[in-house]
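Peer 1: Before we start, here is the structure in question, set down as structure tokens.
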Amino acid sequence: MIIHSTSPIGEKVLAEKTAVLLGLSIRNSYFKEENLQELISWAQNSVAQVFIMLPDVPAISTLRSLGYDENKAKATAMLACNNLENKCRRIMESLGATENVRIIRWKDLEGNKAYETMLENLTKLYEKETDFRSDVRETTMGVIEGNGTTLAIQEALDIGVHFILQELALILNAADIFKVPTCAYVYHREMPVHVKMLNNKYSFVPPQNTGYIICETDFSAKTKNG
């Protein structure tokens, strides 16, 4: 595993071997079997607890922003996350990682006060703070431009921003949500709005027990370099 950058809490997580939240995405070729195998194996050997995020409900908003109707968006998102979950479970079983590795779907967050409160706070921040709103919409625009949409851009953005807010609510408060001392979000690319939040660039102080680790599998690096 190649670690590109970490936040201070990310470094603390690795040093104290606490917990990580592995971020997975649908419609993303990075999450092929080889990368998932290396990622889950590395995480299992690096920390005490591993949580694998499968963003089924947030992905519905993304697909709707691209022009899918509600039913098709839900069916597509759920099927894609089911397929990812099946891949992960096969890998977990092959690694003997069924006790300290847990798959997280959005149904697992229902009634979780720590998640619901963070989502409410971020939604209020989005509504009142221009910089945060602008950054969330810019991130959403990147997804829409990369995939295309049949909707008017402003309508697509208004729908798609819910994906970012729902994911951020989990990422930013993962330690409290899962009741672990510290937790780092693991992904292969930085999310600028996430980094800015942790660096206190908005008028909201995030929890001080979560961070990030930006890393890339050796398999991915070798594939890119031929």
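None of the figures in this text is laboratory data; all of them are computed from the coordinates on show. Since we're looking at a predicted model, the values are computed, not measured. Please note: Cβ atoms are built from the backbone with ideal geometry, for glycine as well, and neighbour counts cover all protein chains shown.
Peer 1: Tell me, in nm to one decimal, what length is gained between H4 and S29 on full extension, where the rule is 0.36 nm per residue of separation less the Cα-Cα distance?
Peer 2: Details: separation 25, 0.36 × 25 = 9.00 nm, distance 1.97 nm.
So the chain would gain 7.0 nm between H4 and S29.
Peer 1: For the pair K196 and N82, what calculated FRET efficiency results from E = 1/(1 + (r/R0)^6), where r is the Cβ-Cβ distance and R0 = 30 Å, to the nearest 0.05?
Peer 2: Details: r = 33 Å, r/R0 = 1.10.
Plugging the Cβ-Cβ distance into 1/(1 + (r/R0)^6) gives 0.35.
Peer 1: Which one, L24, I40, G111, is farthest towards the positive end of the dipole of region 2-224 when Lys and Arg carry +1 and Asp and Glu -1 on their Cβ?
Peer 2: I40
Peer 1: Rank N121, V101, I91 by how far each Cα sits towards the positive end of the charge dipole of region 70-122 (+1 on Lys, Arg Cβ; -1 on Asp, Glu Cβ) and give me just the farthest.
Peer 2: The residue sitting most towards the positive pole is I91.
Peer 1: Right, something else. In whole angstrom, how far apart do the alpha carbon centroids of region 133-158 and region 55-69 sit?
Peer 2: Their Cα centres are 12 Å away from one another.
Peer 1: Would you list, by chain and number, the aspartates and glutamates whose Cα falls below 12 Å from the Cα of K196, excluding same-chain residues fewer than 8 positions away?
Peer 2: D131, D135
Peer 1: Turning to a different aspect of this structure: For the residues H4, H162, H188, what sequence is obtained by ranking on other C-beta atoms within 10 Å, fewest first? Don't jump to the answer; show the numbers that get you there.
Peer 2: Numbers: H4 11, H162 21, H188 18.
Exposure proxy ranking, most exposed first: H4, H188, H162.
Peer 1: Need one number: nm distance between label points at M141 and A221, each 7 Å from Cα along Cα→Cβ, rounded to one decimal.
Peer 2: 3.4 nm
Peer 1: Residues with beta-carbon under 13 Å from that of A73, excluding A73: net charge, scoring Lys, Arg +1 and Asp, Glu -1?
Peer 2: Working: positive: R27, R64, K72, K74; negative: D56, D69, E70.
That works out to +1.
Peer 1: Next question, about the same structure. Give me the dipole magnitude in Debye, nearest 20, for the chain about the Cα centre, with unit charges on the beta carbon: positive for Lys and Arg, negative for Asp and Glu.
Peer 2: The calculated dipole for the chain is roughly 220 debye.
Peer 1: Restricting everything to alpha-carbon atoms, can you work out Rg to Rh for the chain with a Kirkwood hydrodynamic radius? Could you put the intermediate results ahead of the total?
Peer 2: On the way: Rg = 17.0 Å, Rh = 17.9 Å.
Result: Rg/Rh = 0.95.
Peer 1: Describe numerically, in nm with one decimal, the distance between label points set 7 Å from Cα along Cα→Cβ at T150 and at Q208.
Peer 2: 5.1 nm
Peer 1: Now a separate question. Given +1 on the Cβ of Lys and Arg, -1 on the Cβ of Asp and Glu, and no further charges, what dipole in debye does region 1-113 carry about its Cα centre, rounded to the nearest 20?
Peer 2: Details: 14 positive and 13 negative charges, 45 e Å.
Dipole of region 1-113, to the nearest 20 debye: 220 debye.
Peer 1: Could you check the simple spin-label distance between T98 and E129, using points 7 Å along Cα→Cβ, in nm with one decimal?
Peer 2: That separation, rounded to one decimal, is 4.4 nm.
Peer 1: Lys and Arg at +1, Asp and Glu at -1: add these up for the other residues within a Cβ distance under 11 Å of L21 and post the number.
Peer 2: Working: positive: R102; negative: E167.
So the surrounding residues net to 0.
Peer 1: Next question, about the same structure. Only Cα pairs within less than 10 Å get springs; with that Gaussian network setup on the chain, which residue of G211, G111, G67 has the largest fluctuation?
Peer 2: G111
Peer 1: Top mean-square fluctuation among D69, D135, D176, Gaussian network model of the chain, C-alpha springs under 10 Å?
Peer 2: So, out of D69, D135, D176, the one fluctuating most is D69.
Peer 1: Here's another thing I want to ask about it. Starting with the highest mean, order 92-105, 53-66 by the number of other Cβ atoms within 10 Å, averaged over the residues of each peptide. Before the final figure, lay out each step's value.
Peer 2: On the way: 92-105: 15.1, 53-66: 23.2.
The densest-packed peptide leads the list: 53-66, 92-105.
Peer 1: Multiply the residue separation of N71 and K107 by 0.36 nm, subtract the distance between their alpha-carbon atoms, and state the gained length in nm to one decimal. Intermediate results must be reported in sequence, preceding the final value.
Peer 2: On the way: separation 36, 0.36 × 36 = 12.96 nm, distance 1.77 nm.
Length gained between N71 and K107: 11.2 nm.
Peer 1: Given the DSSP H assignment, sum -39500 (n - 2.57) over each helix run of at least 4 residues in the chain and divide by its residue total; what's the result at 222 nm in deg cm²/dmol, nearest 500?
Peer 2: Numbers: 10 runs with 132 residues, N = 226.
So the calculated ellipticity at 222 nm is -18500 deg cm²/dmol.
Peer 1: So, one more: Which percent, nearest 5, of DSSP beta bridges in the chain are antiparallel? Numbers along the way, then the final one.
Peer 2: Working: 4 of 21 bridges.
Looking only at bridges with both residues in the chain, the antiparallel portion is about 20 percent.
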